[in-house]
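Novice: Quick one: structure below, then a few questions.
The values are calculated or read from the model by the stated rules, or taken from the named source; none is laboratory data. Remember, it's a predicted structure, so these values are computed and weren't measured experimentally. Neighbour counts are summed over all protein chains in view; Cβ atoms, including those assigned to glycine, are modelled from backbone coordinates with ideal geometry.
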Amino acid sequence: MITLENKKIRIIVSPEMGMALVDFAVYNRNILNKDMQDDFLKFRKGLGPIILPHFNQDSPTTFENVDLNDEKYRMFSHIQYLRELGILHPFQHGIGRYVAWNYKVKDNAITGTISGDDKINNVSLKDLNGFDFNSKVTYKLFQNYLDIVLEISGEMPVASGIHFYYDSVDEKSMIFLNAYNNEDIISMISLNENHNNVLKPIAGEYGFFHCLLQTSRYNLVTKFMVEGKSSKAFESLIVFSNTDKRFVCIEPISYQIGTKNTKLRHCGEIQLIPNI
């Protein structure tokens, strides 16, 4: 695990566990929901996994066309947990979150890479994932924010994003944004109930979208480009929350969910700006 920190922000990234963000704190106050650590270790649902090289279960590899008794699948313990949850894909949200990455650390940044040619026990990732791809993820820590750059290309349409489980603290927490929810424009989401919303973010100044998570313990702004070159824009935002487990996920996704993904390449940047 690699720690990057300054006077305000501390992050810990785990290249061994999918280049996930496993700790994120501002002035030593945790932003990730640490109660989700066991779920993260079991099947990457918790803490800070990434989405790559596809979103959700949009891949040719499903439980219907793989032999789970095959040794190449038996080495992934998370698969049985996903199947018990009713997931149809052995590598939900892409194989990137389930494998170790090659990485380099320089100054205040860590960069990880994987490709379809990388192998685990002599099995290529493109064989496991269902198609070939190349990817790079960079976490760079600045004085007041964390910058994340996701780069992905593939022989089939690819997708990227983040799936971080923030601590929603309590039911008084709110999200402020400007986005389409189907045909309606919404400006606020209350976290006093569960959500699984697929939204279309509306561009503000210079084509960027800002989303504010406001809690009694910390605030977090998520900023990313939604207007401009398709290869750089994030076209969807997922808000996924659970009041009992006290988490909320604010997930920029590189293509418009509900439409056919045609992007063979994407390079998107996300800024996470925390404060007390």
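Novice: Please list, ordered by residue number, the helices (runs of 4 or more DSSP H) wholly in the stretch 60-131 having 3 or more residues that are buried (at least 17 other Cβ atoms within 10 Å of the Cβ).
Specialist: Where helices (runs of 4 or more DSSP H) fall fully within the stretch 60-131 and carry at least 3 residues being buried (at least 17 other Cβ atoms within 10 Å of the Cβ), they are 78-84, 125-129.
Novice: Check off (1) free of Cβ contacts under 8 Å to residues at least 24 places away in the same chain; (2) within 21 Å of N181 (Cα to Cα) for D244 and give me the number that stays unchecked.
Specialist: So the condition that D244 fails would be (2).
Novice: Those residues that are charged (D, E, K, R) and either crowded, with 16+ Cβ neighbours inside 10 Å or closer than 22 Å to L32 by Cβ (or both), I need them from the stretch 193-218; list them, please.
Specialist: E193, K200, R217
Novice: Could you tell me whether the stretch 187-195 includes any residue that is of a type in the set (A, V, I, L, M) and touching a helix residue (DSSP H, G or I) at 6+ places or on another chain (Cβ under 7 Å)?
Specialist: So far as the stretch 187-195 goes, no, none of its residues is of a type in the set (A, V, I, L, M) and touching a helix residue (DSSP H, G or I) at 6+ places or on another chain (Cβ under 7 Å).
Novice: Here is a further query. Inside the stretch 1-55, can you point out the residues that are in contact with a helix residue (DSSP H, G or I) (Cβ under 6 Å, 6 or more places away or on another chain), within 19 Å of G161 (Cα to Cα) and not aliphatic (A, V, I, L, M)?
Specialist: G18, F43, R44, K45, G46, P49
Novice: When only residues in the stretch 179-191 that are surrounded by fewer than 20 Cβ atoms within 10 Å (Cβ to Cβ) and either modelled with pLDDT of 95 or more or among the hydrophobic types (A, V, I, L, M, F, W, C) (or both) count, which is farthest from K263 (Cα to Cα)?
Specialist: Per the criteria, the residue is S190.
Novice: Still on this model: So which of F91, F142 ends up being under 16 Å from the mean Cα position of the chain (by Cα) and either within 30 Å of A25 (Cβ to Cβ) or among the β-branched types (V, I, T) (or both)?
Specialist: None of the others qualify; the one that does is F91.
Novice: Restricting to the stretch 40-74, count the residues that are in contact with a strand residue (DSSP E or B) (Cβ under 6 Å, 6 or more places away or on another chain), modelled with pLDDT under 90 and under 30 Å from N30 (Cα atoms).
Specialist: The qualifying residues number 1.
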